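So the structure is just underneath, and the comments pick up after that.
The values are calculated or read from the model by the stated rules, or taken from the named source; none is laboratory data. All values reported here derive from a predicted model rather than from experimental measurement. Don't worry about glycine lacking a Cβ; one is built from the backbone with ideal geometry, like all the others, and counts go over all protein chains shown.
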Amino acid sequence: MAQPFPYTYYACDCFDSTTTTASKRASQVLAAAAEEDERDFDPRSPRSNYSLFPLEHLLYCEDCQQIRCPRCVIEETLNWYCPSCLFEVPSSVVKSDGNRCTRNCFNCPVCTAPMTTNSLDTSGDNGPPYILACPYCHWSTVEIGIEFEKSTGISSQLARVANGGKHIPTQKERDKERERKKELEERRREGRAVMSPSEESPTTDTEREEVAPSHDELFANLGAFYKSQMEAQTPSNPFSSHDINYSSPSAYSRIVNLYSSTTSKKNKRNKHTPFREAGSALEGLTIHDSAADAAAIERIKREGWGSTLSPSTKHAQINPNLRFDNELRPLATLLCTKRSKRCRSCRHILSKPETKVTSTRYKIKLLALNHIPRLSIRALPLNINPAQQQPLAPPARPESAFNYNGLKSGIPTHFLLHLSNPLFDPIRVTLATPSTTPGKVQSRITILCPQFDVGANTDVWDDALASTLSPINRTSLINDAGQIEAGKIWDRGRNWTSVVVEVVPGFLKPVAFPVLAEDGKGGGEAEGDDGGLDEDEDVLEIPVFVRIEFEADVVAEERGLGVSVGGGDAKKGEGGAREKREVAFWTVVGAGRIAPL
Amino acid sequence: MSTAGGERKGSAPLNRSVRGTTPRLADLASTPESPRTPLGRSVSSLFGSPGGSFRNEDDYVVLEIGSRFVRGGFPGESTPRCTLSFGPDEQRRVGDYRQWDPAHGSNRRKRKRGHDWGQDHELYRLDLAQVDLGLVEDKFERAMREAYNKYFLLDTKPKRILLALPPKMPHALMSTLLDVLFSSFQAPSITLMSSPILSTVAAGLRAALVVDIGWAETQVTAVCEYREVHERRSIRAGKLLSEEMAKVLNAALDDEADAGAAKADVSFEEADEVLSRVGWCKSKPKSNRRTLYFPARTSPVLEEFEDAVESPEPAVTIPFPRHTPPIDLTVPFAQLAKPAEAALFAPDTALNEFDDHELPLHHLIYRTLLALPIDIRRLCMSRIIITGGVSALPGLKIRLLAELEALVQQRGWDPVRNYGSASARKEQLLRQQREDLELRCQEGEDQINESLNSDTPLSAGLQSPEVDAIDAKLAHLSLRNGPPPTCDVGGVIRGVETLGAWAGASLIAQQRIKGIVEIEREKYLQHGLQGASREKEVSVLQQRQSMGPGVGRGAGERASWTLGVWA
């Protein structure tokens, strides 16, 4: 279901090696060590989801001679760009302006489709006002009461407008406003203190702001408050000020403490004027106010489900503390990056795209596809007779008729495991598989020919010119009873070989006598039946351990560090010492879905 | 385009020096391969504060790890860049695109065998017996990779991490998380901060009672002067709440369906969505006046007790596209407040039937306050911060504060709940005290009028004290220079809003405040968590005093590190 059947996943075992024993408890470590060797890969375990990859997603480190999955590479950002307008954003801008496009690219907050800028002008000449509209779900900024004067620089315009069209003060304006208000308050307090020092009530309720300050505003207020407190905390510097960066409190405390032994008394005296807490909304204090909650309840009661936001929409918003649909903001498009990847253990570059945004080419790209045999599976035509008659005909038609989503429990089914070799050396392959699949539905699996050779990936013409590989006489494979003989390969080509796997799909429900089947766990089993199967438990997935051996030139060691890693394989150099190599990995082959009886 | 980029790069330092923000003198001085006279007045490296190049090392990434969500972003920003969840869709294999399949949205997801409610949406749970730490590592690693690659978009420079964690966390779990951050994301150091303290910071307070209604449990932490003083927890939190919501929805669906139909079984996603969209909480306690005792005069809640009955009962229509057949269910609005009632307050159960770990929230808060020393209690009770995912439920905060208020009025701050045979006397004493107090208050109010008349001299105790000019001046001074009077509020129940733990962490990182628990990468990779010193507090200042050749190595480097609260 994950991919259309049949499919193959390759397991990268990096997570095993990176898990330090410190994080495991002693008992786990022992248990793990005990079964480390003969443990079968279990595609059903929740962890396997994190270690299985389609072959196309894997890289290969030539120096470590290992598969590298997205987990075991280090990524380095080469450049940033907006996927919508393809504008390359310099890193300094990314640092200062954040991870979103600062031009005109926006995504719909409801359906995430890219939004377009439309004119609301009815006279036909596309004049102002403009709106952002989603061409897919027809959400537009009209719904939140925002219109723009210009059709460009939308994000800067949007930053200045709150929902409903009100003006949002910029950071500077806000700071100024805060200072002004603070002074005002200060003066008022003084005035009051002079008049009647004894009767002092909290001043916040005398002048309540009509709107509660927004999240951003509160945050800015708090930040400013803490900053002022920190500054008040640290005494004015003892040195001249021009060469030390006094914006850092660590520098302050250092300097203060340099002379703490000599002037400790003085220090102690003026050190402990504690940092006070925020005292007003201007300093970021918000007293709980029941009005907002009551209004929210009232609104839900009135407007119901439609006006509220789904959790995923909320999380996608910049400020996730929203509740209603009139609080939505269009989302500026997230920037994308081009990244190069390095092997985590040896730091060699495994893949490096061209830095140009519009180019899709790679400078360096070491794919596992070119180094690891590709394993694939497909159903063997059910009736072998046509294949017998014309062995070279492509088995396209009968195969398309095969229903991978309806494997029949208990009926032996034959599949072809097809292994093709991308290497330039012939390889010797050993396949292994557990006899029954792990999990609740147990299918029996037999690989009829677990050990075989696959030819080298030589020139395509070699195949045509040399006729050494005669087509295998299929008749000899099938004995009189119509069974396929074990120990022989099914078919072979220039750089590929296929073998037969016999599968007896298991039963989705325990057969016949559930009580007798497992007497010990009768009760539990029955309960499990009530629950039925989990998602995808009826998928027939076969873990296959693949081990390949081949002789290759000794190249990796002599090659300069990562100099000629790119592109062509430098392996063809004849005459060099040959070394025996061995690669082994687990794969998981999804053969189909077992149909319920 | 690349030439444009080069040009920009070339001109960038020029611009900067013109503007004169940070001429990087310290950079020049510290490069060893090109000896030159330090330009300007650079400080000798021994005493100099770290210059430009070192400064950049102070760049932080701020993470908050909860049991269902991870938030990540940068200091100085008010909201996290991303909030990542751990639902089953996030845990699929690479290349598994079924969540985008249109048919996928109409299938109801079944709970996995042997899984608790919502378990496959959790990153971790505190009971490690049920947790596969490897899986936690996998999940966390994938989420962090998404955060770094999709949302942070950092350049190659490694960033320090400020990590907000709940104050109690199993070490095995902590080291799993730290392992990922240190090994996969190359963090040079990680500062741990406990989330109640960060919530306090984000509320602008020094002392607070932080009620964190999270996923698996509610933690009530008393914080005083940025330190956890006392903590209690209860399992009445988000998980129970959504389970209750599922019950309500199932019941409603079953009512709607035909008699023969299969029992409805709402999935976690549906219940969670309903809860977060239209769930609410009655802001006034339902009339359990039988148990509540209100003194005659001070009963502000009493009059509002009865809910006004609205004639057409308001209802909310909830679509269930995943139900078979898809249905638009109309649920009475009052029904949607039931889960919060049942899960968080449990008004129908007598108090003595609760176990220690499942106290209703208002009792939990009350007991926490009760266990505090009196002066800390005074500070904390008027700085109650209600935070956590569930706290967004409209009406919940009002309700909690009202319930607490009622409890305090009913019981006072007396740890003895039952005086047995002496209870009558105690009651009487209390009542008398209260009446005395009220009488005095009232007379105090009256007294102004009376003093205007000034026909009869009052008793000394009721007279307003003589105004001393010096006192007045001092008070005036302290008022002007000291903290504003709101900082001094205490002794009344008062709720304070917070921006949340993540925002607190962002504030702290913005001010470049060093944490007590700072774990260096090298040291961690050598010893793991075992390397922490046993002392709970390592003085930051003491370490920096040491002068000598070692000072230049870096300002923040410490000889030993500690796990602080987490130890």
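For segment A:298-316, give me each residue that is in a loop (DSSP other than H, G, I, E, B) and surrounded by fewer than 18 Cβ atoms within 10 Å (Cβ to Cβ).
Within segment A:298-316, the first condition is being in a loop (DSSP other than H, G, I, E, B), and the residues that meet it are A:304, A:309-310.
Selection gives A:310 alone.
For segment B:201-240, a residue qualifies if it is hydroxyl-bearing (Ser, Thr, Tyr) and farther than 19 Å from residue B:371 by Cβ, and exactly one does: B:226.
Mind listing whichever residues of segment B:193-232 are away from chain A (no Cβ under 12 Å) and either at positive phi or in contact with a His (Cβ under 7 Å, 6 or more places away or on another chain) (or both)? The answer is B:222, and nothing else.
Where residues in segment A:95-140 are of a type in the set (D, E, K, R) and in a loop (DSSP other than H, G, I, E, B), which of them is surrounded by the fewest Cβ atoms within 10 Å (Cβ to Cβ)? It would help to see each step written out before you state the result.
Step one: list which residues in segment A:95-140 are of a type in the set (D, E, K, R), which gives A:95, A:97, A:100, A:103, A:121, A:125.
From what's left, in a loop (DSSP other than H, G, I, E, B): A:103, A:121, A:125.
Details: A:103: 18, A:121: 12, A:125: 6.
Per the stated criteria, the residue is A:125.
Identify all residues within segment B:342-384 that are aliphatic (A, V, I, L, M), part of a loop (DSSP other than H, G, I, E, B) and over 27 Å from residue B:488 (Cβ atoms); write none if there are none.
Taking segment B:342-384 and keeping what is aliphatic (A, V, I, L, M), we get B:342-344, B:346, B:350-351, B:359, B:361, B:364-365, B:369-372, B:374, B:376, B:379, B:381, B:384.
Of the ones still in play, those that are also part of a loop (DSSP other than H, G, I, E, B) are B:346, B:350, B:359, B:372.
Result: B:346, B:350, B:359.
Evaluate segment B:522-530: report whether one residue or more is in contact (Cβ under 8 Å) with a residue 60 or more places away in the chain and in contact with a strand residue (DSSP E or B) (Cβ under 7 Å, 6 or more places away or on another chain). Among the residues of segment B:522-530, not one is in contact (Cβ under 8 Å) with a residue 60 or more places away in the chain and in contact with a strand residue (DSSP E or B) (Cβ under 7 Å, 6 or more places away or on another chain), which makes the answer no. On the given criteria, is residue B:363 exposed (fewer than 15 other Cβ atoms within 10 Å of the Cβ), in contact (Cβ under 8 Å) with a residue 40 or more places away in the chain, under 30 Å from residue B:227 (Cβ atoms) and within 25 Å of the chain's Cα centre (by Cα)? It is false that residue B:363 is exposed (fewer than 15 other Cβ atoms within 10 Å of the Cβ), in contact (Cβ under 8 Å) with a residue 40 or more places away in the chain, under 30 Å from residue B:227 (Cβ atoms) and within 25 Å of the chain's Cα centre (by Cα).
May I ask you to verify whether residue B:382 is within 27 Å of residue B:207 (Cβ to Cβ), at pLDDT below 80, surrounded by 20 or more Cβ atoms within 10 Å (Cβ to Cβ) and within 11 Å of chain A (Cβ to nearest Cβ)?
Working: within 27 Å of residue B:207 (Cβ to Cβ): yes; at pLDDT below 80: no; surrounded by 20 or more Cβ atoms within 10 Å (Cβ to Cβ): yes; within 11 Å of chain A (Cβ to nearest Cβ): yes.
In short, no.
Picking from B:251, B:187, B:172, which residue would you name as being more than 30 Å from residue B:375 (Cα to Cα) and free of Cβ contacts under 8 Å to residues at least 24 places away in the same chain?
Working: B:187 fails: free of Cβ contacts under 8 Å to residues at least 24 places away in the same chain; B:172 fails: free of Cβ contacts under 8 Å to residues at least 24 places away in the same chain.
Checking each option against the conditions leaves just B:251.
What pairs come up if the first residue lies in segment A:275-297 and is of a type in the set (S, T, N, Q), the second is outside any helix (DSSP H, G or I) and modelled with pLDDT of 85 or more, and their beta carbons are under 6 Å apart, counting only those six or more places apart or on different chains? Once the first residue is of a type in the set (S, T, N, Q) and sits in segment A:275-297, its partners that are outside any helix (DSSP H, G or I) and modelled with pLDDT of 85 or more give A:286/B:497. Among the residues of segment A:408-443, the ones that are closer than 12 Å to residue A:543 by Cα and either among the basic types (Lys, Arg) or in a loop (DSSP other than H, G, I, E, B) (or both) come to 7 in all.
Here the strands (runs of 3 or more DSSP E) wholly within segment A:318-380 that include at least 3 residues being within 14 Å of chain B (Cβ to nearest Cβ) and either aromatic (Phe, Trp, Tyr) or over 30 Å from residue A:157 (Cβ atoms) (or both) are A:336-343, A:349-353.
Can you go through B:178, B:240 and tell me which one is among the aliphatic types (A, V, I, L, M), outside any strand (DSSP E or B) and within 13 Å of chain A (Cβ to nearest Cβ)? Don't jump to the end; show me each part of the working.
Values: B:240 fails: within 13 Å of chain A (Cβ to nearest Cβ).
Just one listed residue meets the conditions, B:178.
For the structure I just gave you, tell me whether residue B:203 is surrounded by 22 or more Cβ atoms within 10 Å (Cβ to Cβ) and more than 23 Å from the chain's Cα centre (by Cα). Can you show your working first?
Numbers: surrounded by 22 or more Cβ atoms within 10 Å (Cβ to Cβ): yes; more than 23 Å from the chain's Cα centre (by Cα): no.
No, not satisfied.
Are any of the residues in segment B:152-164 assigned to a helix (DSSP H, G or I) and either within 8 Å of chain A (Cβ to nearest Cβ) or touching a residue at least 12 places away in the same chain (Cβ under 8 Å) (or both)? Don't jump to the end; show me each part of the working.
Of the residues in segment B:152-164, the ones assigned to a helix (DSSP H, G or I) are B:152.
Now narrow it down to the ones that are either within 8 Å of chain A (Cβ to nearest Cβ) or touching a residue at least 12 places away in the same chain (Cβ under 8 Å) (or both): B:152.
The answer is yes, given that some residue of segment B:152-164 is assigned to a helix (DSSP H, G or I) and either within 8 Å of chain A (Cβ to nearest Cβ) or touching a residue at least 12 places away in the same chain (Cβ under 8 Å) (or both).
The test for being on the phi < 0 side of the Ramachandran plot and facing chain A (nearest Cβ under 9 Å) holds for residue B:173.
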